[in-house]
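Novice: Encoded as structure tokens, here's the structure I'll be asking about.
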Amino acid sequence: MSSPSYASRSWVIVGCGRMGRALGWLAHRLDIPVEATWNRSREAADDLPEMSETTEHTWGRLPEALESMSLEHTVLWLTVVDDALETTAEQMAPHIGPKTIGLHTCGSRSASVLHEAGWRGSVGSVHPLLAITEPRRAADEMEEVTWTIEGDDEAVDYARSLLVEGIGARVVKLEPGESALYHASASTAANLLVGLLDVAIEMAESAGLERHQAREMLIPLARSSLHNADADPLDEALSGPLARGDRATIERHLAALDELDAEHADDIYRMLTTWTRRRLADDAFDDNED
């Protein structure tokens, strides 16, 4: 039986933070050899998992570390933070050959950034819709989420083979130039959701609850709402005063929040209530006044 196309190349992973380490665990799971990794410090490099017996963990100045790496016929993953993408890509450009597939994981940036930095070969942008905090667990969860891909045909084909054939994930191809808006939507659904939970917990603390009590109460509530949103259309997933058009309760909420010494909590409640009413809950109210 022939090997899947994603297995035809080894990997080099540059910038092994949470995303890079998660990819390392994924490579280990799929028996993809990782030839080398790079990190800024020896401490960070030593903190990497054992990807294979032959993996070379490098650190320090990037051009110096690259001297020992063979990048031809590899897939080079660039997993640095978004703000460091251009600088790192420019440092690496002299070492990138025409047969290297370059993939970066900066969700807000287009694949074209690598070509603009002087990279030869086929390049792509690959991003999982996954909130990564623990790399090994993230590698196990990668099959359960959607990945976005964008870039040159060869890089996109490789990424699609890896994600669909390798782990059975869902893949969506982005149009060039749409990465920033897509990434804003992902950040809103993930990072800002955590911020919203913190606002809700602070409200509960102001009502006299201990923080640990508020967490124990509100996080399962949020989880149940997400379950409803996953199972039903969003307007049918609503519950509480917005779903039943209970204007009086909403006004009581706002009056209480006006007295709360928590910066922007009342603004957040007002903005989200207005958005939700206009988009999802207007039918529950007597009128559509602003």
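The values are calculated or read from the model by the stated rules, or taken from the named source; none is laboratory data. As the structure is a prediction and not an experimental result, all values here were calculated from the model. Positions of Cβ are backbone-derived with ideal geometry, glycine not excepted, and every protein chain shown enters the neighbour counts.
Novice: Any residue in segment 16-35 that is under 11 Å from E50 (Cα atoms) sitting within a Cβ distance under 7 Å of a residue that is surrounded by fewer than 21 Cβ atoms within 10 Å (Cβ to Cβ) and among the basic types (K, R)? List the pairs, counting only those 6 or more apart or interchain.
Specialist: W25/R136
Novice: Test of understanding: among D47, D82, which residue is closer than 23 Å to G124 by Cα and either among the charged types (D, E, K, R) or touching a Lys or Arg at 6+ places or on another chain (Cβ under 8 Å) (or both)?
Specialist: From the options D47, D82, the qualifying one is D82.
Novice: Which condition does G24 not pass, out of (1) closer than 20 Å to E144 by Cβ; (2) part of a loop (DSSP other than H, G, I, E, B); (3) touching a Cys at 6+ places or on another chain (Cβ under 9 Å), if it passes all the others?
Specialist: (2)
Per-residue answers, yes or no, for (1) more than 17 Å from the chain's Cα centre (by Cα); (2) in a helix (DSSP H, G or I); (3) at pLDDT 95 or above:
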{"position": "G124", "(1), (2), (3)": "no, no, yes"}
{"position": "T133", "(1), (2), (3)": "no, no, no"}
{"position": "E150", "(1), (2), (3)": "no, no, yes"}
{"position": "R160", "(1), (2), (3)": "yes, yes, yes"}
{"position": "L163", "(1), (2), (3)": "no, yes, yes"}
{"position": "P176", "(1), (2), (3)": "yes, no, no"}
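Novice: Output yes when any residue across segment 105-119 is assigned to a loop (DSSP other than H, G, I, E, B), touching a Pro at 6+ places or on another chain (Cβ under 8 Å) and at positive phi, and no when none is.
Specialist: Yes, because at least one residue in segment 105-119 is assigned to a loop (DSSP other than H, G, I, E, B), touching a Pro at 6+ places or on another chain (Cβ under 8 Å) and at positive phi.
Novice: Continuing with this model, one more query. Name the residue, out of E154, E143, E175, E165, that is touching a residue at least 12 places away in the same chain (Cβ under 8 Å), among the acidic types (D, E) and in contact with a strand residue (DSSP E or B) (Cβ under 7 Å, 6 or more places away or on another chain).
Specialist: So the residue among E154, E143, E175, E165 that is touching a residue at least 12 places away in the same chain (Cβ under 8 Å), among the acidic types (D, E) and in contact with a strand residue (DSSP E or B) (Cβ under 7 Å, 6 or more places away or on another chain) is E154.
Novice: Give the residue that is surrounded by the fewest Cβ atoms within 10 Å (Cβ to Cβ), with candidates limited to residues of segment 27-73 that are among the β-branched types (V, I, T) and part of a loop (DSSP other than H, G, I, E, B).
Specialist: T54
Novice: Yes or no: segment 105-114 includes at least one residue that is crowded, with 20+ Cβ neighbours inside 10 Å and within 16 Å of R9 (Cβ to Cβ).
Specialist: There is no residue in segment 105-114 that is crowded, with 20+ Cβ neighbours inside 10 Å and within 16 Å of R9 (Cβ to Cβ).
Novice: Evaluate segment 231-240: report whether one residue or more is loosely packed, with under 13 Cβ neighbours inside 10 Å, charged (D, E, K, R) and modelled with pLDDT of 95 or more.
Specialist: Checked against the condition, which is being loosely packed, with under 13 Cβ neighbours inside 10 Å, charged (D, E, K, R) and modelled with pLDDT of 95 or more, segment 231-240 yields no hits at all.
Results for (1) closer than 21 Å to A36 by Cα; (2) of a type in the set (K, R); (3) more than 25 Å from the chain's Cα centre (by Cα), shown as yes or no for each residue.
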| site | (1), (2), (3) |
| --- | --- |
| E56 | yes, no, yes |
| M69 | yes, no, yes |
| T74 | yes, no, no |
| L78 | yes, no, no |
| H95 | yes, no, yes |
| H104 | yes, no, no |
| R137 | no, yes, no |
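Novice: Further question on the same structure: Please determine whether any residue of segment 138-145 is aliphatic (A, V, I, L, M), in a loop (DSSP other than H, G, I, E, B) and in contact with a Leu (Cβ under 8 Å, 6 or more places away or on another chain).
Specialist: Scanning segment 138-145, I find at least one residue that is aliphatic (A, V, I, L, M), in a loop (DSSP other than H, G, I, E, B) and in contact with a Leu (Cβ under 8 Å, 6 or more places away or on another chain), so the answer is yes.
Novice: Still on this structure: Restricted to segment 74-86, and to residues that are touching a Ser or Thr at 6+ places or on another chain (Cβ under 6 Å) and either assigned to a strand (DSSP E or B) or among the acidic types (D, E) (or both), which residue is nearest to V113 (Cα to Cα)?
Specialist: This residue is D82.
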